[in-house]
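One structure is given here, and the rest of the page talks about it.
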Amino acid sequence: MVMKDLDVSVIQTDYEHDGVALVRGFLSPEEVQSIREELDRYIREDLVRRPADARTLEADGKTVRNLWRLELHNHYFREFGSREDLSKLVAPLVKGDPVLAGIETFNKPARIGSGVPPHQDNAYFCQAPPDMLTIWIAVDEVTTSNGPVTYLKGSHRLGPLPTRPSGVRGNSIGLAGMPDTPEEDLLVALLEPGDATIHHCNTIHYSAPNSTDYPRLGFLLVFRGSHTETDEGLKAAYSAAVAATPPA
């Protein structure tokens, strides 16, 4: 990512107004290829030696749905998440010194990639104030058919909404109900490799299953402001959902 090539003011305006900013060309083709190669190597060579909760599998019991806590389990990704250009971009969005809170993937493999129910990320992150975000980077092309993420623009201003256990492995907690949303307030993130979205932790989003012959790999970096603290009420609801549907 070359910061001088990004219009940071537009990113901040979109993020604050819509709760999500779409950023074309966030990473170069070379950076995307490097991430792809390291993820492939990690799954092939290292994952078997990591704790079971370092991944979630699809329903076939063998194909990776998600990789979790890559910042703990892989030096390459820990270094990537510590980049100064990322910190400079994120700092005003999280309203303080940014802390790398997680690096993960949503693999959405061809034909069997499962969907993600409507949710707000802070039901998982459980931070107060909710100064936390996710950078969602496309490693594969994201089309209308292979499970794009749909965001409800402006929903970050609704605050935390009621939740319920979803029963979905890897996404154990979701919204109890969806707010009415006009079509024009939906952002369907159709992305080329290297494009990204940056969304607030209270922005509602979801994705459909992937029944196509083409994978839809997303690489995610999660940051919070150093001033945030765990909300015990949110944490209790999340812990109950995870107990009902563990990620691994």
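Readers should treat all values here as calculations from the given coordinates under stated rules, not as data from a laboratory. Remember, predicted model here, so these are calculated numbers, not experimental data. Quick reminder, even Gly has a Cβ in these numbers, built from the backbone with ideal geometry, and neighbours come from all protein chains shown.
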So, with points 7 Å from each Cα along the Cβ direction, the K235-V8 label distance in nm works out to 3.3
One finds the C-alpha centres of the stretch 68-110 and the stretch 154-224 to be spaced, in Å, by 18
So, relative contact order of the chain in percent, Cα under 8 Å, 6 or more apart, is 31
Of the stretch 74-118, those with amide N under 16 Å from the point 7 Å along the Cα→Cβ vector of K62 are 109-113
A correct fewest-to-most ranking of T150, T197 by other Cβ atoms within 10 Å would be T150, T197
Excluding residues fewer than 8 positions from K108 in its own chain, the lysines with Cα under 17 Å of it are K62
Comparing F125, F223, F80 in a Gaussian network model of the chain (Cα, 10 Å), the one with the largest mean-square fluctuation is F80
Restricting to lysines and to Cα separations under 19 Å from K153, and discarding same-chain partners fewer than 8 apart, the set is none
Taking the convex hull of the alpha-carbon atoms of the stretch 121-248 and averaging its shadow over every direction gives an area in square nanometres of 8.3
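Length gain on complete extension for the stretch E79 to Q33, per 0.36 nm per residue less the alpha carbon to alpha carbon distance?
14.9 nm
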The extension gain from H227 to E183, computed as 0.36 nm times the residue separation minus the Cα-Cα distance, is 12.3 nm
Rounded to two decimals, the Rg over Rh value of the chain from Cα coordinates and the Kirkwood Rh reads 0.93
Candidates T203, T13, T105; GNM for the chain (alpha-carbon contacts under 10 Å) flags as most fluctuating T13
Computed for the stretch 3-244: size of charge dipole around the Cα centre, +1 on C-beta of each Lys and Arg, -1 on C-beta of each Asp and Glu, debye to nearest 20, value 800
